[in-house]
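The values are calculated or read from the model by the stated rules, or taken from the named source; none is laboratory data. Note that this is a predicted model, so its numbers are computed, not measured. Here the Cβ is made from the backbone with ideal geometry for all residues, glycine too, and neighbour counts use every protein chain on show. Just the protein is used for accessible areas: all its heavy atoms, side chains included, with ligands, DNA and RNA removed. Shrake-Rupley method; radii C 1.70, N 1.55, O 1.52, S 1.80 Å.
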Amino acid sequence: MYHINFNNPIHVHFIGIGGISMSGLAHILRDKNFTVSGSDAAESALTKELTAAGCHIVYNQTADNITSDIDLVVYTAAIRDTNPELSAARAAGIPTITRAELLGQIMTNYKTAVNIAGTHGKTTTTSMLTEILMAGNCDPTISVGGILDSIGGNIRVGQSGIFVTEACEYTNSFLSFHPTMNIILNVKEDHLDFFKDIDDIRHSFKLFTEKLPADGTLIINTDIDNYEYFYQDTSCEVITVGSDPAKSMYSAADIAFDEMGCCTYTLLIEGTPSGQIHLSVPGVHNVYNSLAAIAAAKKLGLSLEVIATGLSGFHGTERRFEKKGEFNGVTVIDDYAHHPDEIKATLASAAHYPHKTVWCVFQPHTYSRTKILLTEFAEALSHADKVVLADIYAARETDTLGISSLDLKHEIEKLGKECFYFGSFEEIEKFLSKNCINGDLLITMGAGNVYQIGEALISQ
């Protein structure tokens, strides 16, 4: 594999530069005086920022984009071998590496590399830790999988020795990383178009833990089944967090909700009350995300006062229970949830949020995930008062599994829940405009483009 010398800037070309992670890595290289170019399907806010930073971006992917002055090409797992730019680079003998391999190499430039992993909760926990580090004037470098207003986007380039990033398990990407601190929030069935089963996923997370050096630190949630499995063959330090104070060094007591569903709790450190924590994001699941961020911050030497200040100042990232606006007295929330556990957590948050009726407009994400977790999706969505389904968002897949949103509709109806399906966003918008009433809560949910429905209703 090609290794970058960060003291010798070169010309790096990104295939798919507008992605949330790719754009962040491009910013980091540009800040280190690398020449950066890239391609993507369409202009976006992220690509506009890169262009303003001096990157050259084209909005097509052709072999002609691979010019002789390019020294290295970076691509994501979504790019196939038949991609014209990737094929042209290989034919020309230009080195190529994956996004994950580049991210792993970037980590080696930092004394402390914090990797935040889990089936869900990564973006929120990364953002929570970011707010704490910022409150402590730690000047970290951050790569987050969402838009965080306090850092003005998805990337922050700092000058300290601290690097914090999300660590995704899909295609075993995080096994290319070089962490000094790992956080494992949860391990659930997901990405089953790549992994064989839950045991395969657990094995991947175990290998991720084994990437830690002997003097590294693992922070792990004890609510994970057989959590000891992940570190049983390592010598790293282990810090536990979770709902059971008997098993967890960091836990919570006296959890209370305010009128917007945000939690206040007593922090327990090894069973001892250690102060009050107030969160400004809704949902009890965020209590446990915050415990992981607290454990990491304490390990990095921050005080509880700074930690409490940072957490209180975190008001969420885009597409994580994000209030988009209102129409006809109906509050519109958007959420990225696309796994049954995430859906349950989001709808549990909604239960504590002001509402008459909770409407959930769900867009399933990928055929494989929908087919394999069909009954789990139905049970999770049944926690909404009324469910509206859009067509499956294909993402990287093609429809070869014989599954559709109508199958999910039938499963939800078996549970006695009212569920509607429409084949277009326009039909969904017309239905909601007619049926939602003043005081209702409407949540658009999914990892695709379902948020456009809420935005259209607000702007009508």
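Sorted largest first, the spans of the alpha carbon positions of the stretch 293-385 along the three principal axes are 45, 37, 19 Å.
Cross-link partners of LYS188 among aspartates and glutamates, defined as those whose alpha carbon lies under 18 angstrom from its own and excluding same-chain residues fewer than eight positions apart: GLU166, GLU169, ASP197, ASP199, ASP200, ASP223, ASP225, GLU228, ASP341, GLU342, GLU376, GLU379.
Place the peptides 428-439, 114-125, 27-38 in order of packing, highest mean first, counting for every residue the other Cβ atoms within 10 Å and averaging per peptide.
Values: 428-439: 15.4, 114-125: 25.5, 27-38: 19.4.
Answer by packing, highest mean first, reads 114-125, 27-38, 428-439.
Please compute the contact order of the chain in relative form: average sequence separation of alpha-carbon pairs under 8 Å and at least six residues apart, divided by the residue count, as a percent. Worked out over the chain, it gives 11 percent. Between the stretch 316-371 and the stretch 386-407, what's the alpha-carbon centroid distance in Å? Spelled out, the Cα-based centre of one part sits 17 Å from the other. For ASN154, the residues whose amide H sits under 5 Å from its own are LEU148, ignoring neighbours fewer than 5 places away on the same chain, with H placed 1.01 Å from N.
Taking every DSSP beta bridge that has both ends in the chain, the antiparallel portion is near 25%.
Using a simple spin-label model with pseudo-atoms 7 Å out from Cα toward Cβ, ASP215 and SER160 lie 1.9 nm apart.
Taken along its three principal axes, the alpha carbon spread of the stretch 190-325 comes to 43, 37, 24 Å, from the longest extent down to the shortest. THR123 sits among other residues whose Cβ lies under 12 Å from its own Cβ, and their net charge, with Lys and Arg +1 and Asp and Glu -1, is -2.
Listed peptides 362-368, 95-101 appear in the order 362-368, 95-101 once ranked by packing, highest mean of other Cβ atoms within 10 Å at the front. Computed extension gain for GLU413 through THR264, at 0.36 nm per residue and net of the alpha carbon distance, reaches 50.0 nm. Taking all protein chains into account, the per residue accessible area for the stretch 389-460 stands at 49 Å² (1.4 Å probe).
Straight Cα distances below 23 angstrom link LYS386 to the lysines LYS323, LYS324, LYS344, LYS356, LYS371, LYS409, LYS414, LYS417, LYS430, LYS434, with same-chain residues fewer than 8 positions distant left out. At an R0 of 41 angstrom, the distance between the Cβ atoms of ASP149 and ASP197 translates into a FRET efficiency of 0.60.
Dividing the Cα radius of gyration of the stretch 226-283 by 2.2 N^0.38 Å, with N the residue count, gives 1.37. Once a ≥ b ≥ c are taken as the square roots of the eigenvalues of the Cα gyration tensor of the stretch 65-157, is the result rounded (a/c under 1.5), prolate (a/b larger than b/c) or oblate (a/b not larger than b/c)? Prolate. Between the beta carbons of VAL238 and ASN8, assuming R0 = 30 Å, the FRET efficiency works out to 0.20 to the nearest 0.05. Taken along the Cα-to-beta-carbon direction at a fixed 7 Å, the label points for GLU455 and THR67 span 3.2 nm. Of the listed residues ASP69, ASP139, the order by accessible area with a 1.4 Å probe, largest first, is ASP69, ASP139. In this simple spin-label model, placing a label point 7 Å from the Cα along the Cα-to-Cβ direction at both GLU228 and ASP31 gives a separation of 4.1 nm.
Every helix of 4 or more DSSP H residues in the chain counts as -39500 (n - 2.57), and over all residues that averages to -9000 deg cm²/dmol at 222 nm. When the solvent-accessible area of the chain is split by element, carbon and sulfur atoms take up 48 percent of it, the probe being 1.4 Å.
Computed over the Cα atoms of the stretch 1-130, what is the ratio Rg over Rh, Rh following Kirkwood? Display every interim value, and only then the final one.
Details: Rg = 14.8 Å, Rh = 15.3 Å.
Reported Rg/Rh (Cα atoms, Kirkwood Rh): 0.96.
With distances taken between every two different alpha-carbon atoms, the stretch 311-454 has a Kirkwood hydrodynamic radius of 15.1 Å.
Look at the alpha carbon pairs under 8 Å that are at least 6 residues apart: their mean separation over the length of the stretch 40-140 gives a relative contact order of 18 percent.
All Cα-Cα separations within the chain were binned at 10 Å from zero, giving a P(r) of 4, 20, 29, 28, 16, 3, 0, each value a whole percent of the pairs.
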